[in-house]
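FYI, it's all coordinate maths here, none of it is from the lab. Because the structure is predicted, anything quoted here is derived from the model rather than measured. Positions of Cβ are generated from backbone atoms using ideal geometry, with glycine treated the same way; all protein chains shown enter the neighbour counts.
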Amino acid sequence: MAVEKVTVKEALQRASFRYREAGLEQPREEAEILLAHLLGWDRLRLYLEGERELPPEAAAAFQEAQERRSRGEPLAYITGKKEFYGLEFKVTPAVLIPRPETEFLVDAVLEWVGKRGAPRGEGLVLGDLGTGSGNLVVTLSCLLPLARCWAIDISPEALQVARENAARHKVEHRICWRRGDYFKALEKDQPPPRFDVIVSNPPYIPGDALDCLPQTVRGYEPLLALDGGGDGLEGYRRLLEDLPRHLRSPGLVVLEVGDGQMEAVERLCRERGIFKSLAFRQDYAGRARVLEGLV
């Protein structure tokens, strides 16, 4: 099938219109990101060379990518990458796409480490439970080069993506990798590691709410990383059950929490009876989304 000749500027205009018709919130920005990715350019170059004719293969690829995006496939899965805390991460349908609010978990860890007088992670043992793409553990490994980090995930496909991201940012050798369900992945490690910091973004969507998620989420992102069980709290229960055996004192636990679930997760934490204090952070929309527990 022949592809109509089109300039960079015209291609962007048409894609923006198509995305707007499809109901996307940022049609022009997404069109620019996608075309720049396909051409291997930065977005500024799209404007500098707007009158340049697109090569036929690029025009065809751009058209195909537009169709995928218009059907609801997330942009990050089409480009295969997503930025998190200033770093670029590979993403595939085997892992959740990193969200901006998850960056607050990194902030919480860095503040706590700084107060301990170990800004480079001196003597720190950190665990990322449910690592997914590795965005948390890789970012923290980059920012805390003297920390020893562990990454755990039940999905072998997710672990592979995380390891590739760690290799990309040259920290793979500083991370211990384990496959399994939270702390149960450490049963063969004798003695099992004890952590100063635990970070986790457990699945927190209640089972009966999965069908209510946007198509861009429920149709593409991994169910394993979304489904939090009947009330959305099963992941937190499993994590907290074995926490006392694996966390040193003083220690820090930082959890991402679903919108409207902070009170319930805080109650679960208090029932464990191990936390000296609990606090929360709000996301960019002012919603309580990150729970910090000190032991």
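Numbers for the structure displayed
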read-out: Helix 27-39 axis, angle to the chain major axis (alpha carbon atoms, nearest 10°); value: 80 degrees
read-out: Tilt relative to the chain, helix 156-168 - C-alpha long axis, 0 to 90 degrees, to 10; value: 80 degrees
read-out: Three-way shape call for the stretch 81-294 based on the alpha-carbon gyration tensor, with the a/c threshold at 1.5; value: rounded
read-out: Paramagnetic reach from Lys5 (point 7 Å along Cα→Cβ, amide N under 20 Å) across the stretch 44-65; value: 49-63
read-out: Paramagnetic reach from Glu187 in the stretch 194-228 [backbone N under 20 Å; point 7 Å along Cα→Cβ]; value: 194-195
read-out: Helix-derived mean residue ellipticity, 222 nm - over the chain, DSSP H n ≥ 4, -39500 (n - 2.57), to 500; value: -11500 deg cm²/dmol
read-out: Selected from Leu129, Leu252, Leu12 as most flexible by GNM, with the chain as the system and alpha-carbon contacts under 10 Å; value: Leu12
read-out: Cα centroid of the stretch 231-295 to Cα centroid of the stretch 31-90, whole Å; value: 38 Å
read-out: Residues whose placed amide H lies under 5 Å from that of Arg52, excluding near-sequence neighbours; value: Val8, Lys9
